[in-house]
Amino acid sequence: MRLESYAQEFEDIIIYSFLRDVNDGFYIDVGANDPTNISVTKFFYLRGWHGINIEPLRFRCLHLEEQRPRDINLCVGVGSEKGKLQLFEADGLSTFSDEVASQWKNHAGGGVVRRPS
């Protein structure tokens with residue numbers, strides 16, 4: 001049987017090689033991003049699994065809600081401390097790190113957007 005990977009580095013297929021006997025699994029995807037593109041969990045969702053997707057960008061969260069009705073989709077960020085942080089976005093990626101956002105800005109020619117938190 002041919003297996004199709006949706007992940008960036010075939011992480012879904014690698015994980016599946018250890019969990020192939022689990023029929024009704026559960027995942028938690030922090031920074032879920034897109035329900036299909038570079039998704040580690042789509043492979044498992046298509047096999048009947050369900051889980052929690054955590055994604056701070058609202059437009060990405062809406063796509064998850066549309067395409068993953070069996071999942072719990074949370075439009076929030078996750079960090080080591082409770083509180084509000086400034087969210088930065090560039091090309092559909094997001095971070096709370098000023099340092100990472102600065103690196104993106106230097107590489108993307110100023111394409112970083114600050115989103116209200």
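The values are calculated or read from the model by the stated rules, or taken from the named source; none is laboratory data. Keep in mind that this is a model prediction, so the values were computed, not measured. Cβ sites come from the backbone with ideal geometry, for glycine too, and all protein chains shown count toward neighbours.
One table, with the values for the structure above:
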item: Options Leu64, Leu57; residue that is within 24 Å of Glu89 (Cβ to Cβ) and either modelled with pLDDT of 95 or more or among the charged types (D, E, K, R) (or both); result: Leu64
item: Residue pairs meeting the criteria (Cβ under 9 Å; at least 6 apart or on separate chains; first basic (Lys, Arg), in the range 44-73; second part of a helix (DSSP H, G or I)); result: Arg47/Tyr16; Arg68/Lys42; Arg68/Tyr45; Arg70/Tyr45
item: Of the criteria (1) among the charged types (D, E, K, R); (2) at pLDDT 80 or above; (3) not assigned by TED's automatic domain parsing to the domain that holds Lys42, which one Arg114 fails; result: (2)
item: Residue within the range 7-14 that is in contact (Cβ under 8 Å) with a residue 24 or more places away in the chain and not in a helix (DSSP H, G or I) present; result: yes
item: Selection status of Val78, at pLDDT 80 or above, among the aliphatic types (A, V, I, L, M) and within 30 Å of Trp49 (Cα to Cα); result: yes
item: Residue among Arg60, Arg68, Arg47 that is touching a Phe, Trp or Tyr at 6+ places or on another chain (Cβ under 7 Å) and surrounded by 12 or more Cβ atoms within 10 Å (Cβ to Cβ); result: Arg68
item: Selection status of Gly31, farther than 30 Å from Asn106 by Cα, outside the structural domain of Gln103 (by TED's automatic domain parsing) and not charged (D, E, K, R); result: no
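Quick grid of which residues meet (1) among the β-branched types (Val, Ile, Thr); (2) more than 25 Å from Ser94 (Cα to Cα); (3) within 15 Å of the chain's Cα centre (by Cα):
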{"residue": "Ser5", "(1), (2), (3)": "no, no, no"}
{"residue": "Glu11", "(1), (2), (3)": "no, no, yes"}
{"residue": "Arg20", "(1), (2), (3)": "no, yes, no"}
{"residue": "Asp24", "(1), (2), (3)": "no, yes, no"}
{"residue": "Ile28", "(1), (2), (3)": "yes, no, yes"}
